[in-house]
Every structure is written in structure tokens, then in C-alpha cells.
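Okay, structure first, notes after.
The values are calculated or read from the model by the stated rules, or taken from the named source; none is laboratory data. As the structure is a prediction and not an experimental result, all values here were calculated from the model. No Cβ is skipped: glycine too gets one built from the backbone with ideal geometry, and neighbour counts run over all protein chains shown. Heads up: the accessible areas ignore ligands, DNA and RNA and are worked out on the full protein's heavy atoms, side chains in. Shrake-Rupley method; radii C 1.70, N 1.55, O 1.52, S 1.80 Å.
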Amino acid sequence: MLERFGHVIFRRRRWIFAGTAVFFVLAGAFGGNVAEYLKAGGFDSPDVESERAAAVLREVFRQAPPNFLLLVSAKSGTVNDDAARRAGVELTNELSGEPSIGQVLSHWSLGPNSPLQSRDKTKAIIVAEIEGDDAERNEVAERLIPKYTQDNAAVSVQVGGFEAIFDEVSRQIEKDLGRGESIAVPITLVLLIVVFGSVVAAFLPIGMGILAILGTFLVLRVIASMTDVSVFALSMVTAMGLGLAIDYSLFIVSRFREELRKGADTETALVTTMHTAGRTIIFSAITVALSLSALLVFPLYFFKSFGYAGIGVVLTAGVAAVVFLPAVLAWLGPRVDKWALWTRHPKDVGEGFWHRLAVLVMRRPVPIGLGVVIVLLLLGAPFLHVNLGLPDERVLPPSAKTRQVHDTLRSEFPGEEVQSIRVVVTDVNPTTRRADLAGFAAGLSKFEGVGRVESFVGGYADGRQIAPPTPLNARFAAQNAAWFQVIPSVDPFSKQAEELVKDIRTAHAPFDFIVGGGSAQLVDAKESLFSRLPYALGLIGIATFVMLFLMFGSLLVPAKALVLNLLSLTATFGAMVWIFQDGNWSGVLDFTSTGTLDISSPILMFCIAFGLSMDFEVFLLSRIKEEYDATGDNERSVAIGLERTGRIVTAAALLISVTFLSFGLSSVRFIKLFGIGMTLAVLMDAFVIRGTLVPAFMRLAGNANWWLPKFLRPLHAKVRIGEVSEPHAPAVPRKKPARKAPPKAKAKAKPKARTNHRKPASKPKPAGRRTATR
């Protein structure tokens with residue numbers, strides 16, 4: 001089929017150019033502004049307890065966790081002095097009158113002894129809620145931040161809160177990615193020229209990358225019209241679009257040039273390229289897309305968005321690589337080497353570095369393989385004490401304005417007012433059950449990690465009432481419901497806060513209640529993600545195993561690929577814990593360690609890195625299998641397969657790493673973690689796994705690499721996507737024909753069947769069809 005498709009591409013290349021041009025224009029017109037249709041949220045699961053509590057607070061009490069705050073600092077004296085007090089009251093009233101602003105609470109509305117002032121009473125805060133959906137809140141925050149950043153004779157005002165943090169994080173990411181791309185693209189182009197040795201050939205992957213990125217923007221624009229899509233997914237489109245375009249282009253262009261150098265004409269070279277590298281790219285793209293589809297399992301549309309973007313960019317890059325790029329090569333022909341800076345002549349078999357490395361490893365597979373596995377496990381050991389958390393303002397550098405506001409809140413204010421735990425009671429009359437509410441509030445205040453509890457019946461700490469109810473406490477009650485504000489004395493996103501939430505949820509009470517707030521969201525997020533994680537891992541494992549089985553007709557090869565990928569990712573995750581959670585090299589890499597890893601990063605990195613690892617695995621195994629089908633020699637096929645793909649996989653890994661490393665230059669910690677982590681994963685897989693463990697494992701397995709149980713052979717023969725007519729018929733070794741042998745003698749010669757296979761040779765194929773030994 002691919003051979004016929006290659007002929008069609010060669011003959012209809014002008015039509016393909018025209019169709020691609022139309023698609024490019026449409027993608028630019030409708031997908032270029034895709035960011036306007038994407039949303040900035042997607043971090044909350046709608047069916048968890050903390051979200052149910054938040055819904056009751058909004059609907060019944062008109063209350064929501066404050067997401068916008070003003071830090072007011074007195075220029076002289078305290079915030080209770082006349083000048084500062086007047087300025088604070090004026091700010092409170094002005095903010096209360098803003099559209100889309102819910103309840104506003106300030107130090108001056110609570111009185112001179114309120115907890116919303118610093119310990120030295122020189123600073124105070126005003127907290128408010130910006131109402132609306134993600135896009136509306138973001139728009140309001142962008143308008144209010146510059147308006148309320150003030151400095152006058154009485155006070156100075158700085159803006160904080162989640163919406164301000166998110167706004168600054170988004171702006172910083174956009175700035176960092178723009179800077180990273182301005183660095184990565186020129187470096188990538190130079191490396192492509194070095195790899196190809198030709199200016200024309202080097203520009204092809206860049207053009208492919210632009211086409212893949214714009215095409216994915218169009219896909220996301222269509223998806224966004226039907227469901228919520230996170231704007232953060234665009235960063236994945238940029239990185240993977242350019243990376244996969246380079247990856248696929250390297251294999252297509254390299255194979256095309258290889259066939260031309262063998263003396264083939266343009267059409268023959270193109271057909272052979274489609275039959276080999278094109279086929280590999282098709283099934284590699286499907287395998288990578290299946291790995292990324294695991295992100296659709298999770299309930300948060302933040303993860304789903306990365307799944308949409310990943311699948312879209314992989315399939316778009318794959319289609320461009322097997323349709324548009326071959327048409328370009330058909331038009332260029334030998335001109336693909338135009339403006340060549342140098343010509344790299346392929347070395348004879350056995351002379352290349354990767355061939356020598358494979359032979360070296362296969363001579364001592366046990367000590368080398370065992371040594372590498374031990375090193376990978378040691379590198380992965382830190383992951384055993386991973387501590388996942390939610391990102392906070394410390395993802396920003398210390399110079400960020402909102403980071404400075406919240407650093408002040410942490411160090412100078414007595415409690416975590418903004419990130420309080422909220423306990424909601426329904427079907428209770430606050431007036432008739434006043435004594436029960438007081439007892440419950442007193443009980444909550446006894447838990448370790450609780451600073452104080454505010455409620456309808458007053459303030460409580462250490463099991464006793466510390467303040468009588470005031471008119472402001474009326475906000476904690478409704479007709480048949482009540483809620484309690486539990487202010488923690490510990491970091492709201494720490495393990496201690498998680499334990500506090502679990503303790504509260506198991507507390508005895510004379511009525512039913514639910515728990516919400518930031519700490520509860522962290523607990524629920526972990527439970528929600530971890531409950532779906534087995535399904536995601538199962539989908540990745542089963543889909544990958546089935547695809548490799550269909551491609552190569554083997555059980556051992558897919559199992560080996562899964563194990564090696566897990567080893568590689570384990571080492572990568574261990575390094576991430578050691579660096580970003582434990583804080584090693586934090587000074588060199590310029591980030592603040594919080595003792596946690598962002599809960600979303602390991603899941604995203606696993607799915608993306610696993611997919612890219614399988615990408616390299618398919619390229620290598622395809623070349624090994626191609627040689628094994630021709631010779632039947634396991635060790636020779638491994639060495640030659642690694643030699644034929646080693647330079648290309650290495651070049652692809654380096655080029656993709658440049659793209660990901662540009663993310664590592666970001667000032668936002670979780671983007672830096674993603675970039676550095678993905679760079680390590682790609683390089684470790686391309687160099688360590690492919691260079692040592694693959695040849696070691698395949699040498700130990702021998703011809704069993706391609707063994708298939710008898711009962712599975714009919715199934716594979718029916719649905720296989722390989723090129724061999726019988727799944728595991730031994731290939732006939734190549735032999736040079738004797739020049740002086742008469743034709744009859746040559747015709748009588750029969751290949752000797754290999755004893756470790758059930759069938760002596762592949763069945764003959766009709767004339768005109770490619771055979772396994774051709």
C-alpha cells in the first residue's frame with residue numbers, strides 16, 4: 001500500500017502542494033488566534049468533596065475563597081493610625097464597588113485587633129473574591145492589578161491573591177517561551193545544517209514544524225468550540241510540534257538521501273523511503289498518540305487539554321511527514337543536497353561508532369547490562385520519597401511582585417487567612433443548634449495545626465472561645481446551614497495540612513459536614529488523580545504492547561521495550577526529586593525549592609516522555625527487524641540496526657533536547673522542571689537505553705526476540721502490519737551467488753533451514769511484490 005502511495009505522491013505532488021497551501025492558509029486564519037478561545041483553569045475536579053463544599057458556599061452563603069487581595073503598608077506609624085485607616089477604608093469601599101467583585105473583607109472592617117494585620121501592625125490586607133468563570137476572572141484581574149497598585153503619602157498598596165499570581169505566572173511563561181524560542185530555533189537550524197550538511201535539507205524540518213504547529217492550532221480551535229481546553233496546552237504544541245517534525249523529517253530525508261546515493265532515481269528512492277521510513281513513522285505516530293491519549297483518562301480538563309494537544313500535534317506532524325514532505329522530496333529530487341556544505345560518505349558496515357558499541361555490549365551483555373540497570377535504579381531511588389503538591393506563588397522568582405507580597409504574608413502575618421479550610425454544615429438550624437455548633441467549633445480548634453476557628457458562635461482556639469460573636473460572624477450562618485473557617489497554623493499545602501484535612505473529615509459531629517478550601521483541594525486532587533492513574537498506565541501499557549506486537553510479531557520485544565522505558569523514566573523522575581524537591585542545585589538553576597513537586601508534572605512528563613521513548617524504539621526496532629528478515633542473524637541485525645539509526649536517533653534526540661531545554665530557561669519553576677526533566681529523559685533514552693540496554697537484552701534473548709507462540713500466529717498473520725509474509729518464518733541468509741556456477745546448479749541450491757524455527761522459509765510471493773529478502 002505504501003509503495004503504491006509513494007507512486008501517487010510522486011505523480012500528484014503538485015496537487016499535494018496546492019492542498020497543503022490551502023490547509024496552511026485555513027490553519028493560520030482560524031487557528032492563529034486559538035489562545036482567545038482557550039481557558040486558564042482546569043485544575044479542579046467537579047465531583048470531589050472540596051468542590052461540593054465550594055458550591056454550597058457560593059450558592060447558599062454567597063461566599064467563596066478570596067482570590068484577590070491588597071497588601072496595604074503604612075508609610076509611618078501603624079495601619080490603625082488615622083491616615084492609614086482612612087486610606088484603608090477608602091480602598092475597601094472602592095474595591096467593594098467594582099463590577100464582578102463579591103464580598104470584600106478588610107482589617108478595617110474587622111476592627112483594630114483583627115487577624116488581617118501584621119504582627120508589628122504596620123501592614124494590613126484587604127481580601128476579595130473576583131466572580132465569574134476562568135476567562136472572566138482573568139480579565140477582571142488584568143484590569144484591577146494596575147489600578148490598585150498604588151503609592152501615596154499615607155500608604156503603599158501591592159496586589160496579591162491567586163488571580164494576581166496566575167496573571168504574573170502567565171505573563172512570565174509567555175515571556176520566557178518567547179525568549180527560549182528565539183534561542184532554540186537558531187541553534188536548531190545550525191544543528192540541522194551540521195546533521196544534513198545541506199542548507200536545503202536543513203530547512204525542511206523547520207517548515208514541517210511550522211506546518212505541524214499551525215495545524216494543531218486549528219485542531220485545538222475546533223475542539224475548544226465543543227469543550228473546555230486549557231491555554232497551557234499551547235506550550236506543548238510548540239515544543240512537540242517542532243521536535244516531532246525534526247524527528248520525522250530526519251528519518252524521511254535521511255532514508256531518501258541514502259537511496260539516492262545507492263543510485264536509485266527519484267521515484268524509486270521515494271517509494272523505498274515510504275515503504276520503510278514512512279511505514280515506521282506512521283506506526284510510531286500512532287504509538288505516541290496512544291501513549292498521550294492516557295491523559296484523557298483524568299477528570300481535570302487541564303490534563304485532557306494536553307492530551308488533545310499531544311494527539312493533535314503527533315498526528316499532524318505524522319501526516320505532514322508522510323504526505324507533504326515526500327511531495328517536496330519528489331519535487332527536489334537530487335536537489336535536496338543543494339547548497340551542500342560538505343558530503344558525508346556512509347561508512348562500510350561495521351566501521352561506525354554505533355556498530356562498534358553494539359558489538360562491544362553484545363560481547364559482555366550481562367556485566368554491562370546489569371551495571372547500567374543498577375545505575376538507573378540508584379538514580380531513581382529519590383523518587384521513593386516524592387512529595388506531590390500544588391504550585392503556589394513560589395513558582396515565581398523572588399523578584400516577582402506577587403511573590404514578594406505572599407512572602408510578606410508568610411513571614412509577617414499570624415495565620416493563613418487566605419488559604420483557610422472551610423467546613424460546611426447543611427440541614428442544620430444555626431439558632432436552635434447553637435450549642436452543637438459551639439461544641440464542634442471548639443473541637444475543631446483542638447486539632448494539631450489549627451491556629452483558630454471562626455464561626456457563627458464566635459472565635460475559638462485550643463478548645464476554648466477566644467472571641468464572642470460580632471455582626472461580622474453572621475456571615476457564617478444561613479437559614480438551614482452554617483460553615484466554619486479553620487485557619488491553619490501550618491503551610492496550607494504541606495503534608496501537615498493534608499493530615500489536618502483528613503483528621504477533620506473523620507471528626508465526630510452531631511451533624512453531617514463536608515470540608516473544602518485549598519488544603520482540601522490538594523487532598524482531593526491527589527485522590528482523584530491517583531484513582532485514575534492505574535487506568536492511564538494500563539492504557540499506555542496495553543496500547544503500546546499491542547502496537548509493537550502487530551508491528552514485529554513478537555511478545556518479548558514489546559515487553560522489553562516497556563521495561564526499558566520504565567527504567568529510563570524512573571531515573572529521570574529520581575533526578576527531578578533530587579533537584580527540584582530536595583533543592584539540590586537550586587542556586588545554579590535559580591529556583592526556590594518548596595519540598596514538593598507540582599502534582600501535574602510527573603504525570604505529564606511520564607506520558608510525553610514515554611511516547612517519545614517509544615518513538616525512538618520503533619525506529620530502532622524497525623531497522624533491526626528489516627535486517628533480521630533479510631539475514632536471520634540476530635547479533636548482526638542488532639548491530640547494523642543500531643548503526644543505521646544511531647546517528648539519526650542521536651541527532652533527533654539532541655535537536656528535541658534543544659527545544660525542551662529552552663523551557664528549562666524559564667523563571668517559572670514547574671516550566672523549568674518540565675524542560676529539564678524532558679531533556680534528561682530524551683537524552684538518557686537515546687544514549688543510555690538505545691546504546692547499551694537494547695543490544696544487551698536482545699543479545700541475551702537471541703532468536704527468542706522474534707518468537708511467537710503457535711496459537712498467536714494466525715492472529716498476527718491476519719492483522720499484522722509488518723512486511724513479512726509469515727510471522728516468524730526464518731529469513732534466508734544472504735549469499736553471494738557463485739559467478740562460475742551453471743544456472744542449473746544455482747537453481748538446485750536450497751537454503752538450509754534454521755533449527756530454532758518451525759518453518760523453513762518464507763512463502764514465495766507473486767511476482768512484482770516486494771519480498772523479505774529483496
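If you go through segment 82-97 and keep only what is buried (at least 16 other Cβ atoms within 10 Å of the Cβ) and charged (D, E, K, R), you end up with just R85.
Apart from one condition, V190 fits all of (1) over 24 Å from the mean Cα position of the chain (by Cα); (2) not in a helix (DSSP H, G or I); the exception is (2). Taking I125 and the conditions (1) of a type outside the set (D, E, K, R); (2) closer than 25 Å to V60 by Cβ; (3) modelled with pLDDT of 90 or more, which numbered condition does it fall short on, given that it satisfies the others? Among (1) of a type outside the set (D, E, K, R); (2) closer than 25 Å to V60 by Cβ; (3) modelled with pLDDT of 90 or more, I125 violates only (2). Annotation: H508 fulfils all but one of (1) touching a helix residue (DSSP H, G or I) at 6+ places or on another chain (Cβ under 7 Å); (2) assigned to a loop (DSSP other than H, G, I, E, B); (3) within 30 Å of T431 (Cβ to Cβ); (4) of a type outside the set (A, V, I, L, M, F, W, C); the unmet one is (1).
A quick yes/no check of all residues on (1) free of Cβ contacts under 8 Å to residues at least 40 places away in the same chain; (2) buried (at least 17 other Cβ atoms within 10 Å of the Cβ); (3) of a type in the set (D, E); (4) in contact with a Pro (Cβ under 8 Å, 6 or more places away or on another chain):
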residue: A441; (1), (2), (3), (4): no, yes, no, no
residue: D462; (1), (2), (3), (4): yes, no, yes, no
residue: I466; (1), (2), (3), (4): yes, no, no, no
residue: L472; (1), (2), (3), (4): no, no, no, no
residue: R475; (1), (2), (3), (4): no, no, no, no
residue: W483; (1), (2), (3), (4): no, yes, no, no
residue: D491; (1), (2), (3), (4): no, yes, yes, no
residue: A497; (1), (2), (3), (4): no, yes, no, yes
residue: D503; (1), (2), (3), (4): no, no, yes, no
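Considering A124, A128, the condition of being out of contact with any His (no Cβ under 6 Å at 6 or more places or on another chain) and surrounded by 21 or more Cβ atoms within 10 Å (Cβ to Cβ) is satisfied by A128 alone.
Listed by first and then second residue, the pairs linking a residue in segment 351-363 that is modelled with pLDDT under 95 to a residue that is open to solvent by 90 Å² or more (accessible area, probe 1.4 Å), with Cβ atoms under 8 Å apart and 6 or more places separating them unless they lie on different chains, are G352/R647; W354/R647. Out of S76, S100, S109, I need the residue that is surrounded by 15 or more Cβ atoms within 10 Å (Cβ to Cβ) and farther than 25 Å from G41 by Cα. Which one? Sole residue among the options that is surrounded by 15 or more Cβ atoms within 10 Å (Cβ to Cβ) and farther than 25 Å from G41 by Cα: S109.
Residue count for segment 228-263 satisfying the condition of being outside any helix (DSSP H, G or I) and under 20 Å from the mean Cα position of the chain (by Cα): 5.
Residues in segment 280-298 that are open to solvent by 30 Å² or more (accessible area, probe 1.4 Å) and in contact (Cβ under 8 Å) with a residue 24 or more places away in the chain: 5 in all.
Among the residues making up segment 661-674, those that are surrounded by fewer than 24 Cβ atoms within 10 Å (Cβ to Cβ), of a type outside the set (D, E, K, R) and part of a helix (DSSP H, G or I) are L661, G664, F670.
Of all residues in segment 10-44, exactly one satisfies the criterion of being in contact (Cβ under 8 Å) with a residue 60 or more places away in the chain and acidic (D, E), namely D44.
Looking only at segment 186-196, residues that are without any contact (Cβ under 8 Å) to a residue 40 or more places away in the chain and of a type in the set (A, V, I, L, M) come to 3 in all.
Taking the criterion of being surrounded by fewer than 17 Cβ atoms within 10 Å (Cβ to Cβ), at pLDDT below 90 and within 23 Å of R171 (Cβ to Cβ), the only residue of segment 400-419 that qualifies is R410. Would you check if there is a residue in segment 574-587 being part of a loop (DSSP other than H, G, I, E, B) and under 25 Å from R647 (Cα atoms)? So far as segment 574-587 goes, no, none of its residues is part of a loop (DSSP other than H, G, I, E, B) and under 25 Å from R647 (Cα atoms).
Pairs are defined by a Cβ separation below 9 Å, a sequence spacing of at least 6 or placement on different chains, a first member in segment 45-57 that is in contact (Cβ under 8 Å) with a residue 24 or more places away in the chain, and a second member that is of a type in the set (D, E, K, R) and part of a loop (DSSP other than H, G, I, E, B); the pairs so defined are S50/D44; E51/D44; A54/D44.
Please determine, by comparing only the residues of segment 36-47 that are open to solvent by 50 Å² or more (accessible area, probe 1.4 Å) and not hydroxyl-bearing (S, T, Y), which one is farthest from F166 (Cα to Cα). Restricting to residues being open to solvent by 50 Å² or more (accessible area, probe 1.4 Å) and not hydroxyl-bearing (S, T, Y), the top hit is D47. Taking into account only those residues within segment 1-35 that are over 30 Å from T276 (Cβ atoms), in contact with a Leu (Cβ under 9 Å, 6 or more places away or on another chain) and of a type outside the set (A, V, I, L, M), which is least open to solvent (accessible area, probe 1.4 Å)? That would be G31.
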